[in-house]
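No lab work stands behind these numbers, since they all come straight from the coordinates. Treat the numbers as computed from the prediction; the structure is a model and nothing was measured. Every residue, glycine as well, gets a Cβ built from its backbone with ideal geometry; the counts of neighbours run over all protein chains shown.
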Amino acid sequence: MSSWDMTLRAVPGIPNITPGDDLGALIVKAVVDDGHELADGDVLVVAQKIVSKAEDRVVRLDTITPTDRAQSLADRTGRDPRLCQLYLDESRAVLEIIGRHVITLDNRGIVDTSGGVDSSNAGVFAEGWACLLPVDPDASARRIRDRIRTLTGTTVAVIISDSLGNPHREGSIGAAIGLAGIAAVEKPTPGDVDLYGNPMWGDLNRVDELAGAASALMGQSNAARPAVLVRGATYAAAEDASLRDLLVAVPDPANDADLVTE
């Protein structure tokens, strides 16, 4: 049954994250300090950046040596060759280059820009650091969910979100890159009909809807609100949730090397 109400709360008090930090415990503490308690069925949307930091997926650019291919990509886009090397390392293929934008099929199977590599909020001197996506965002989400269940006895869903660009639209939007406890795709319930009694067809991407809503509260710069508590959301629970169920297979282009160097 659908709910008429859903609330989202950007949880304050999440500290700056360092490698090895216990994100599940930090989120639980922040929720409690904010005067709330987690409940079964809640959804926590967690920004990729703090997950990557906790998993030590932040690198210093001065440790990166660009290859000739990375230098060619840098010459074409005007970007730092060391960043271009990370784009290539984090991607299975370059799909398209639009001006300075490098559209990639990353190692997780996500179509994104720059292989998910991002320099914002990566370190004290952003120009000297880059943040990479978690190696396995689904596993990251499961660890947070399991830790919360251990600490509180509650069963929540967890969505790892990131700001993804679309080559056919300007700007970026919050989207799911990792899941735990929530189905990537919801199927219509048998017997559901539209306003005119016609059978309902089509799958629903609930996780990106929730990630996008949470992103509006998280902010994109110095807001420091990397976790959002969603209460009252209608969703299909799934113990074996995986973002892979949401992804449409994209073939690796045969001319990937030519695209980078042309």
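A few notes on this one:
- Dipole size of the chain about its Cα centre, with +1 on Lys/Arg Cβ and -1 on Asp/Glu Cβ: approximately 500 debye, rounded to the nearest 20.
- For the pair ASP89 and ASP75 in one chain, pulling the backbone fully straight at 0.36 nm per residue adds 3.3 nm over the alpha carbon distance.
- Three semi-axes of the equivalent ellipsoid, the range 58-133, Cα gyration tensor, whole Å, largest first: 18, 14, 11
- With the helix formula -39500 (n - 2.57) applied to DSSP H stretches of n ≥ 4, the chain reaches a computed 222 nm mean residue ellipticity of -8000 deg cm²/dmol.
- Placing a pseudo-label 7 Å from each Cα along the Cα-to-Cβ vector at GLU37 and GLU209 gives an inter-label distance of 2.9 nm.
- Across the range 1-116, the relative contact order, built from alpha-carbon pairs under 8 Å that are at least six residues apart, equals 15 percent.
- Exposure proxy shown here: for CYS84, CYS131, the number of other Cβ atoms within 10 Å sets the order, fewest to most, as CYS131, CYS84.
- The range 58-133, relative contact order in percent, only Cα pairs under 8 angstrom and at least six apart counted: 28
- Averaged over residues, the count of other Cβ atoms within 10 Å places the peptides 88-96, 242-250 in the sequence 88-96, 242-250, highest first.
- Neighbour-count ranking [beta-carbon atoms within 10 angstrom, fewest first] of HIS101, HIS168: HIS168, HIS101
- Calculated SAXS-style log₁₀ I(q)/I(0) at q = 0.15 Å⁻¹ - the chain, Debye, Cα scatterers: -1.08
- Among ILE110, ILE160, the order by Cβ neighbours within 10 angstrom, fewest to most, reads ILE110, ILE160.
- Rounded to the nearest 20, the Cβ-based charge dipole of the range 119-242 about its Cα centre (Lys and Arg +1, Asp and Glu -1) stands at 480 debye.
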